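Below you'll find the structure, written out as structure tokens, and then a few comments.
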Amino acid sequence: MKKVLILTTSTGQGHNQAAASVSESFENAGYEITKLDFLAKNSTILNDIIVKGYEISASKFPKTYGLFYKLTDTKLTNKLLKLPFFLAKKKVSKLINKLDPDVIVATHSLSISVISDLKKHGLKIPFILIVTDFKAHYIYVDSYVDAYITGSSYTKQSLIDRNVDPNKIYPLGIPINRKFYTEVTSAKDLRDDEYFNLLLMSGSLGLNTIFMVLKELLKNPNKLRITVVCGKNNNLKNTLLDYCNNNEFENKKLHILGFTHDVSYLMDYCDVVISKPGGLTVTESIVKNIPLIIPFAIPGQENENIDFLTTEGYSICVKDLNKINDTVNYLINNPDELSKMKLNLKKLSSTYSLTKIVDIANKLI
């Protein structure tokens, strides 16, 4: 039986979800799976700095995070960022020697800091890296990566522009839960077509900006069914529930949810998703062919995701929250434009595959 080692981290929901999806694909192909959070299991200090640092900076100090992201997006800092991973490298190396996998797949760019150095010193195992955003940061660039899985040809080009061999890059989509491809729900049959259905999502961190967006949407004169997913932010959920329970809103149906595993079902129910453009949420909406309205983003990779989504006609970015209803009303009054965006998404999603990564691994082996 062939064996695969899947490396991930807990920095953001997308990396773990990609790892889970990849694990399922390899398991279905008969591989023995070993999944490792290469930071949490190998260096508590590095894990705390990187994971907690990301969560705090992205949610509390987004401009600082965006500046750091931009400053590190160079060839020089790419090399410097590899220096702190000495302890993690030693422990991962021991696991690799014990496990002897046929292929290594990683869902986080920082894994390069560990694996490329091991390959430089003689490791012969093929290394596949999944790019979980739509433009590749310089930290993804490394000659020891044997294959890249990207979310689009746009992402592929961003790697080619940084001198990555195009023959190593496969735009198969960011791996997400299989049910977004396969789940058949009754949601569309339950819809009330008198209402325009909006799914308002804040990401796993539950950004508080979503409250401002909801307040604006509740002023909209049209009939709106608004489902809000607050992620893990219980304070946000309780704040929204209090606000909605203590006020009356004409022509509105409201559903306030916390963290949920039913996003696939909720997307089947909606006409448009309103969300920050994280790689996971974007890919889910692409696969479901549901256009995005983007009213906020974490500076850094999410701003670059916006460039991709708006340039290719997949999404609309709202730069002024006070004017979000102008965009919603435009799509309500111009259903042909909404259909055009959905068709663009359908064409993109037709290039996605959850299984071809296994074919690539087999070829590399």
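Accessible surface area normalised per residue over the chain is 46 Å², counting heavy atoms of protein chains with a 1.4 Å rolling probe. Of the options (i) 0.91; (ii) 1.01; (iii) 1.15, only one is Cα Rg over 2.2 N^0.38 Å as computed from these coordinates, and that is (ii). Segment 133-149 and segment 289-350 have Cα centres spaced 26 Å apart. With contacts taken as Cα pairs under 8 Å and at least 6 residues apart, the chain reaches a relative contact order of 17 percent. Taking 19 Å as the straight-line reach from the Cα of residue 119, the lysines in range (excluding those fewer than 8 positions away in the same chain) are 3, 79, 82, 89, 90, 91, 94, 98, 168, 363. The helix-based estimate of mean residue ellipticity at 222 nm for the chain, built from -39,500 (n - 2.57) per DSSP H run of four or more residues and divided by its residue count, is -13000 deg cm²/dmol to the nearest 500.
Here the gap between residue 143 and residue 265, fully extended at 0.36 nm per residue and compared with their Cα-Cα distance, gives a gain of 39.9 nm. Treat segment 241-334 as a sphere of radius equal to its Kirkwood radius over Cα pairs and apply Stokes-Einstein at 37 °C in a medium of 0.692 mPa s; give the translational diffusion coefficient in µm²/s, rounded to a whole number. Using the Kirkwood radius from Cα pairs, D works out to 224 µm²/s. Ligands, DNA and RNA excluded, the heavy atoms of residue 156 present near 50 Å² of accessible surface to a 1.4 Å solvent probe. Stretching residue 243 away from residue 99 to a fully extended chain increases their span by 46.5 nm, per 0.36 nm per residue minus the current alpha-carbon distance.
Ligands, DNA and RNA left out, the 1.4 Å accessible surface of the chain is 50% carbon and sulfur atoms. Eigenvalues of the alpha-carbon gyration tensor of segment 291-359, scaled by 5 and square-rooted, set the equivalent ellipsoid semi-axes at 26, 18, 8 angstrom, largest first.
The alpha carbon gyration tensor of segment 189-291 gives principal lengths a ≥ b ≥ c with a/c of 1.5 or higher and a/b no greater than b/c, which makes the shape oblate.
The values are calculated or read from the model by the stated rules, or taken from the named source; none is laboratory data. All values reported here derive from a predicted model rather than from experimental measurement. Accessible surface areas use protein heavy atoms only, side chains included; no ligands, DNA or RNA. Shrake-Rupley method; radii C 1.70, N 1.55, O 1.52, S 1.80 Å.
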